[in-house]
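The values are calculated or read from the model by the stated rules, or taken from the named source; none is laboratory data. Bear in mind that the values here come from a model prediction, so they are computed numbers and not experimental data. Cβ: placed from backbone, ideal geometry, glycine included. Neighbour counts: every protein chain shown.
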Amino acid sequence: MTTPEPVPARPRVSSGAAFFNDDGRILLVDPTYKKFWNLPGGGVDAGETPRAACVREVREELGLDVPVGPLLVVAWTAAGPDGKLYFVFDGGVLPPDRQAAIVLDPGELAEHAFVSPEQARSLLSEPQYTLLAEVLRARAEGATRYVELAGI
């Protein structure tokens, strides 16, 4: 009797950006299809890199065509049958003119706000808040972090 070959995992992949204002507050968005707020971003399409997906999602969701900086966090979560990988890039500080240029995709987002980490706690799910804490730590340390989370 032969042992069956293991089937490789095919995790879902998402990508997002952490944008800040001059006061160090972070940009969060309120999806119309979820209970909790999020960082801007979304799913990576077939054949697309996480960075390209991040740029595309920011353009689609916020109406901003901006470059993204270095990778801050890669998070793995047990969401779904094969898990999920989430890439978060540093969007940097958005100057006031870029903040004023944000136009939300009404089919996806109800609102947006720049919030402090303390304010974010009440807007994000517990796993998303843990992810945000890792993003802030990675940005402060200037190093990419890898984390495993319960679910995003």
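Here are some notes:
- Residue in region 80-98 that is within 12 Å of the chain's Cα centre (by Cα) and over 18 Å from Phe20 (Cα atoms) present: yes
- Pro31 under 17 Å from the mean Cα position of the chain (by Cα), loosely packed, with under 13 Cβ neighbours inside 10 Å and in contact (Cβ under 8 Å) with a residue 12 or more places away in the chain: no
Rundown of residues vs (1) free of Cβ contacts under 8 Å to residues at least 24 places away in the same chain; (2) out of contact with any Leu (no Cβ under 7 Å at 6 or more places or on another chain), yes/no style:
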site	(1), (2)
Asp90	no, no
Val93	no, yes
Ala100	yes, yes
Asp105	no, yes
Pro117	no, no
Ser125	no, yes
Arg137	yes, yes
Glu141	yes, yes
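- Single residue of region 79-100 satisfying the filter (aliphatic (A, V, I, L, M) and in contact with a Gly (Cβ under 6 Å, 6 or more places away or on another chain)) that is farthest from Leu131 (Cα to Cα): Ala79
- In the set Gly80, Gly69, only one residue is touching a strand residue (DSSP E or B) at 6+ places or on another chain (Cβ under 8 Å), without any contact (Cβ under 8 Å) to a residue 24 or more places away in the chain and not in a strand (DSSP E or B); that residue is Gly69.
- The strands (runs of 3 or more DSSP E) found entirely in region 1-49 include none that carry 3 or more residues being among the basic types (Lys, Arg) and touching a helix residue (DSSP H, G or I) at 6+ places or on another chain (Cβ under 6 Å).
- In region 55-63, the count of residues that are crowded, with 16+ Cβ neighbours inside 10 Å, among the hydrophobic types (A, V, I, L, M, F, W, C), without any contact (Cβ under 8 Å) to a residue 40 or more places away in the chain and under 17 Å from Val29 (Cβ atoms) is one or more.
- Qualifying residue in region 120-141 (condition: more than 20 Å from Tyr33 (Cα to Cα) and among the hydroxyl-bearing types (Ser, Thr, Tyr)): yes
- Lone qualifier among Ala75, Ala133, Ala113, Ala53 - being at pLDDT 95 or above, assigned to a strand (DSSP E or B) and under 14 Å from the mean Cα position of the chain (by Cα): Ala75
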